[in-house]
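Enquirer: Before I ask anything, here is the structure I am working with.
The values are calculated or read from the model by the stated rules, or taken from the named source; none is laboratory data. Small disclaimer: the values here were computed from a predicted structure and weren't measured. The protein model used for the area step is the full one, side chains on, heavy atoms only, and it has no ligands, DNA or RNA in it. Shrake-Rupley method; radii C 1.70, N 1.55, O 1.52, S 1.80 Å.
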Amino acid sequence: MERKVSRRDLQWQEKYEQMKVYITEHRHLPSKKRQVNRGLRNWWKYNCRLVKQGKISAERLALLRALSEMRDLQENGGMLFRISTAQTGNQDK
């Protein structure tokens, strides 16, 4: 049986797609100093916090890792998405 998709799930997926487009185009996270894409940066930071707390699903974790791998970390620095296996132990939420 399929899981019903909630409004929050749809909003998360929409932000994910927006971030994916941004990273594909710019190769880095949005700047915290520019108002234009601050919402996307805040979405990223919030999800990183959930990962550290072990409160994110395995599916979303995989999607966030894929986004992180798309970035050009050497040129642009920024927030690294380092997740150890210990931090991802509780992925069923």
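Enquirer: Would you tell me the accessible area of residue 59, worked out with a 1.4 angstrom probe on the heavy atoms of the protein chains, in Å² to the nearest 10?
Expert: 130 Å²
Enquirer: Within straight cross-link reach of residue 45, meaning Cα distance under 26 Å, which lysines are found once same-chain residues fewer than 8 apart are removed?
Expert: 15, 20, 32, 33, 55, 93
Enquirer: At 0.36 nm per residue, minus the direct Cα-Cα distance, what do residue 50 and residue 70 gain on full extension? Give it in nm, one decimal, please.
Expert: Stretched out fully, the residue 50 to residue 70 stretch lengthens by 5.2 nm.
Enquirer: Ratio of Rg to Rh for segment 3-71, alpha carbon only, Kirkwood? Intermediate values should be presented prior to the final figure.
Expert: Values: Rg = 12.1 Å, Rh = 12.6 Å.
Rounded to two decimals, Rg over Rh is 0.96.
Enquirer: In square angstrom, what is the accessible area per residue of segment 31-74 with a 1.4 angstrom probe?
Expert: 64 Å²
Enquirer: What ³J(HN,Hα) values, in whole Hz, does the Karplus curve 6.51 cos²θ - 1.76 cosθ + 1.60 give for segment 45-51 when θ = phi - 60°, with x put for Gly and Pro?
Expert: With coefficients 6.51, -1.76 and 1.60, one gets 4, 4, 5, 4, 5, 4, 4 Hz.
Enquirer: Now for a different question. Which order do you get for 36, 5, 51 if you rank them by accessible area with a 1.4 Å probe, largest at the top?
Expert: I get 36, 5, 51, largest accessible area first.
Enquirer: Short version: ³J(HN,Hα) in whole Hz for each residue of segment 24-38, in order, from phi by Karplus 6.51 cos²θ - 1.76 cosθ + 1.60 (θ = phi - 60°), x for Gly and Pro, what are they?
Expert: Using θ = phi - 60°, the values come out as 4, 6, 9, 6, 7, 6, x, 6, 6, 8, 9, 5, 3, 10, 4 Hz.
Enquirer: Ordering 55, 20 by how much accessible area each has at a 1.4 Å probe, largest first, what is the list?
Expert: Output order, biggest surface exposure first: 55, 20.
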